[in-house]
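The structure appears below as structure tokens.
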Amino acid sequence: MTLENALTGVYDHARGALPPEIFAVLEADRRRGGATEFAEAGGKIEDFTLPGADGVPASLGDLVAAGPTVLVFYRGQWCPYCNLTLRTYQQEVLPELAKFGATLAAISPQRPDGSVPDLAFPVLSDVGSTVARGLGLSYPVSDVVREAMKTLGTDLEKVNGTWELVHPAVVVVDRERVIRFIDVHPDFVTRTEPAAILEVVKSL
């Protein structure tokens with residue numbers, strides 16, 4: 001099964017489980033499109049240091065010290081599409097990266113709260129979306145979506161410190177912190193397939 005098929009299964013479940021009025025709001029949001037000013041391949045990311053979910057910091061310089069790094073920007077642990085994607089990357093991408101001296105790290109706007117996801121790679125907190133904003137991935141949540149998320153029990157003001165989200169994306173950077181691949185998904189139900197990530201890493 002492809003990641004796309006698995007994500008479609010989560011979407012179909014949500015469509016049947018959520019109140020119709022809430023689903024309609026979220027559906028309109030995922031189809032709204034995104035900004036066109038996303039970072040592009042060939043650009044360089046400034047070094048950054050972010051706290052891990054457990055509070056332990058990690059820098060981009062450390063991540064790329066031995067080889068390229070795959071940065072996965074995701075919405076948060078509350079997002080079922082994100083959780084499925086990260087688990088899939090752990091199973092299908094992470095074991096292959098070691099063969100090429102590459103690393104994997106996930107980044108979200110969530111505050112580090114001490115809870116560590118069951119993942120075998122760094123999970124970093126970009127509080128305030130500083131790194132994501134530099135790549136054009138950050139955007140404010142509309143009032144109607146804000147109310148829908150509150151109804152479902154997700155208050156980003158508490159989780160992130162602000163009502164701001166990021167477009168899911170995969171960014172592959174080399175040892176000089178140059179972007180070699182970037183794939184952004186304003187439609188948060190879709191994500192980058194593992195095979196596409198590995199193809200890029202193998203080519204570096």
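The values are calculated or read from the model by the stated rules, or taken from the named source; none is laboratory data. Worth saying up front: this structure is predicted, and the values here are computed from it rather than measured. Cβ atoms come from the backbone with ideal geometry, glycine included; neighbour counts cover every protein chain shown.
Structural remarks
- Neighbours by Cβ (under 6 Å, 6+ apart or cross-chain): first from segment 1-21, free of Cβ contacts under 8 Å to residues at least 24 places away in the same chain; second surrounded by 10 or more Cβ atoms within 10 Å (Cβ to Cβ): ARG15/PHE23
- Exactly one residue among LEU97, LEU84, LEU104 is closer than 18 Å to LEU137 by Cβ and at pLDDT 95 or above, and that residue is LEU104.
- Within the span defined as segment 40-57, every residue fails to be surrounded by 18 or more Cβ atoms within 10 Å (Cβ to Cβ), among the basic types (Lys, Arg), on the phi < 0 side of the Ramachandran plot and not in a helix (DSSP H, G or I).
- Some residue of segment 72-79 being touching a residue at least 60 places away in the same chain (Cβ under 8 Å), buried (at least 18 other Cβ atoms within 10 Å of the Cβ) and in contact with a His (Cβ under 9 Å, 6 or more places away or on another chain): yes
- Candidates in segment 155-197 are the residues that are outside any loop (DSSP other than H, G, I, E, B) and among the basic types (Lys, Arg); of these, the one that is modelled with the highest pLDDT is ARG180.
- Those residues of segment 131-146 which are surrounded by fewer than 15 Cβ atoms within 10 Å (Cβ to Cβ) and either in contact (Cβ under 8 Å) with a residue 40 or more places away in the chain or aromatic (Phe, Trp, Tyr) (or both), in sequence order: SER142, VAL144
- For segment 103-126, the set of residues classified as in contact (Cβ under 8 Å) with a residue 60 or more places away in the chain and among the hydrophobic types (A, V, I, L, M, F, W, C) consists of VAL116, VAL123, LEU124, listed by residue number.
- Of the criteria (1) out of contact with any helix residue (DSSP H, G or I) (no Cβ under 9 Å at 6 or more places or on another chain); (2) part of a loop (DSSP other than H, G, I, E, B); (3) surrounded by 13 or more Cβ atoms within 10 Å (Cβ to Cβ); (4) not hydroxyl-bearing (Ser, Thr, Tyr), which one ASP62 fails: (2)
- Selection of segment 162-186 for residues being in contact with a Ser or Thr (Cβ under 6 Å, 6 or more places away or on another chain) and of a type in the set (A, V, I, L, M) yields VAL166, VAL170, VAL173.
- Residues that are closer than 19 Å to VAL166 by Cα, in contact (Cβ under 8 Å) with a residue 40 or more places away in the chain, touching a helix residue (DSSP H, G or I) at 6+ places or on another chain (Cβ under 8 Å) and among the β-branched types (Val, Ile, Thr) do occur in segment 36-55.
Results for (1) surrounded by 16 or more Cβ atoms within 10 Å (Cβ to Cβ); (2) among the charged types (D, E, K, R); (3) under 25 Å from ALA65 (Cα atoms), shown as yes or no for each residue.
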| position | (1), (2), (3) |
| --- | --- |
| PRO95 | no, no, yes |
| GLY101 | no, no, yes |
| LEU104 | yes, no, yes |
| PHE121 | yes, no, yes |
| GLY153 | no, no, no |
| LYS158 | no, yes, no |
| HIS167 | yes, no, no |
| ASP174 | yes, yes, yes |
